[in-house]
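Below is one structure, written out as structure tokens; the observations come after it.
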Amino acid sequence: MNRKIIHIDMDAFFASVEQRNNPELKGKPVAVGGSGERSVVAAASYEARKFGVRSALPGVTAKRLCPELIFVKPNFPEYGRISHQIREIFYSYTDLVEPLSFDEAYLDVSSHEKYAVKIAKEIKEKIFKETELTASAGVSYNKFLAKMASDVKKPNGLFVILPEHASEFIGQLKIEKFHGIGEKTAQRLKELGVFNGTDLLNFEEKFLIQHFGKAGKHFYHIARGIDEREVKPNQELKSIGAENTFSVDLSTEDEMLNELLDMAEKVMERSNKKGKKGKTLTLKIKYHDFEVRTRSLTMKEDIDNVDMIVKLTKQLLMNPELPYKPVRLLGITISNFNFSERPERYSSQMKLF
Ligand SMILES: [Mg+2]
């Protein structure tokens, strides 16, 4: 079967977030990280990259390369929040999402009726609309090629590698660019006379395994455009949920219930899609000051319709009291999938209040 794999990679993610959040940084060379002796650059804006500033470079070296460089402290809660936002977009197309980091993921959209290129385009547009950030996408029939493709037209790019163009693409690809071939391995391959994909074809599988172990087998196959690795959602499913961070904090009951109603529908839809029924409902509340509270209820029977989710969510929202501070995020989760019996309703988290 021909698979449809998409690799999405946000462009200069941390640096772009900082530029988005602070307009004074727009168009300027920015490095996320410290400028001190021991600190390293975590991410560099495209303006900084022109000077050779790269992630993992010591801050002092970066400053030497680009004296105008502006250092910004990383804001990981913010990156995590946006990462969540983009994953929600991915999940609206497929459950087969394998995140590689905050800003990168593989998606398997083989069973989606739309063309993969169309989906990739839509995802890029949605990401931009929701976050004002750009992403690059690669589309192909396996993970390796999708990953390689997303790099071709960066930033804000989209590139497709069709099966009939794969060997040409791989042939010209520099060996140090191969995903999965690190700096040291690339060096060793060069010593063997391998500078690009075409050169790699000269070696038998046996020889590559002798020299590089299990990875050698992988090298042999990717040189031929073969990569059977599946897109693996990275955790086993223990809960199904939806959450939303609001651009303006919520403070009234109506506002909150309104949002929760949408979420309840989303959660039910996902639960149906996965064929999973749970007995525990959890409401997550994050206040404007980032304090997080969860409230949960466990039922004897499965939570299997929207009305029930709404009813329980209302109960959790009002008890022990309506959130008393402005709310930044709300989330609903269903869990406890394989529990057969629970004697009574309970709420462990509420005891905290
Ligand atoms: Mg990236």
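The values are calculated or read from the model by the stated rules, or taken from the named source; none is laboratory data. For clarity, every value in this text was computed on a predicted model and none was experimentally measured. Note: ideal-geometry Cβ built from the backbone for every residue, glycine included; neighbour counts use all protein chains shown.
Can you pull out the residues in the range 1-38 that are part of a loop (DSSP other than H, G, I, E, B), in contact (Cβ under 8 Å) with a residue 60 or more places away in the chain, buried (at least 18 other Cβ atoms within 10 Å of the Cβ) and away from the ligand (no atom under 12 Å from the Cβ)?
Once the filter is applied, which keeps residues that are part of a loop (DSSP other than H, G, I, E, B), in contact (Cβ under 8 Å) with a residue 60 or more places away in the chain, buried (at least 18 other Cβ atoms within 10 Å of the Cβ) and away from the ligand (no atom under 12 Å from the Cβ), the range 1-38 yields R3, K4.
Would you be able to say whether some residue in the range 92-109 is within 30 Å of A242 (Cα to Cα), out of contact with any Leu (no Cβ under 8 Å at 6 or more places or on another chain), part of a helix (DSSP H, G or I) and more than 15 Å from the ligand (Cβ to nearest atom)?
Taking every residue of the range 92-109 in turn, none turns out to be within 30 Å of A242 (Cα to Cα), out of contact with any Leu (no Cβ under 8 Å at 6 or more places or on another chain), part of a helix (DSSP H, G or I) and more than 15 Å from the ligand (Cβ to nearest atom).
Which is under 23 Å from R229 (Cβ atoms), touching a strand residue (DSSP E or B) at 6+ places or on another chain (Cβ under 8 Å) and either touching a residue at least 12 places away in the same chain (Cβ under 8 Å) or not assigned by TED's automatic domain parsing to the domain that holds A43 (or both), of R81, R87?
Working: R81 fails: under 23 Å from R229 (Cβ atoms).
Residue meeting the stated conditions: R87.
Would you pick out the residues in the range 146-171 that are crowded, with 17+ Cβ neighbours inside 10 Å, farther than 11 Å from I6 by Cβ and more than 16 Å from the ligand (Cβ to nearest atom)?
I161, A166, F169, I170
Being in contact with a Lys or Arg (Cβ under 8 Å, 6 or more places away or on another chain) and either touching a residue at least 24 places away in the same chain (Cβ under 8 Å) or not assigned by TED's automatic domain parsing to the domain that holds D304 (or both) narrows it down to one of N196, N244, N202, so name that one.
Details: N244 fails: in contact with a Lys or Arg (Cβ under 8 Å, 6 or more places away or on another chain); N202 fails: in contact with a Lys or Arg (Cβ under 8 Å, 6 or more places away or on another chain).
The match here is N196.
For V72, state whether it is buried (at least 20 other Cβ atoms within 10 Å of the Cβ) and more than 15 Å from the ligand (Cβ to nearest atom). Walk me through it before giving the result.
Details: buried (at least 20 other Cβ atoms within 10 Å of the Cβ): yes; more than 15 Å from the ligand (Cβ to nearest atom): yes.
Taking the combined requirement at face value, the residue satisfies it.
Residues of the range 269-317 being assigned to a helix (DSSP H, G or I) and without any contact (Cβ under 8 Å) to a residue 40 or more places away in the chain, which ones? Steps first, please.
Taking the range 269-317 and keeping what is assigned to a helix (DSSP H, G or I), we get 269-274, 306-317.
Of everything in the range 269-317, those that are assigned to a helix (DSSP H, G or I) and without any contact (Cβ under 8 Å) to a residue 40 or more places away in the chain turn out to be E269, N272, D307, M308, K311, L312, Q315, L316.
For G180, only one of the following conditions fails: (1) modelled with pLDDT under 95; (2) farther than 26 Å from P163 by Cα; (3) out of contact with any strand residue (DSSP E or B) (no Cβ under 7 Å at 6 or more places or on another chain). What is its number?
Result: G180 passes all but (2).
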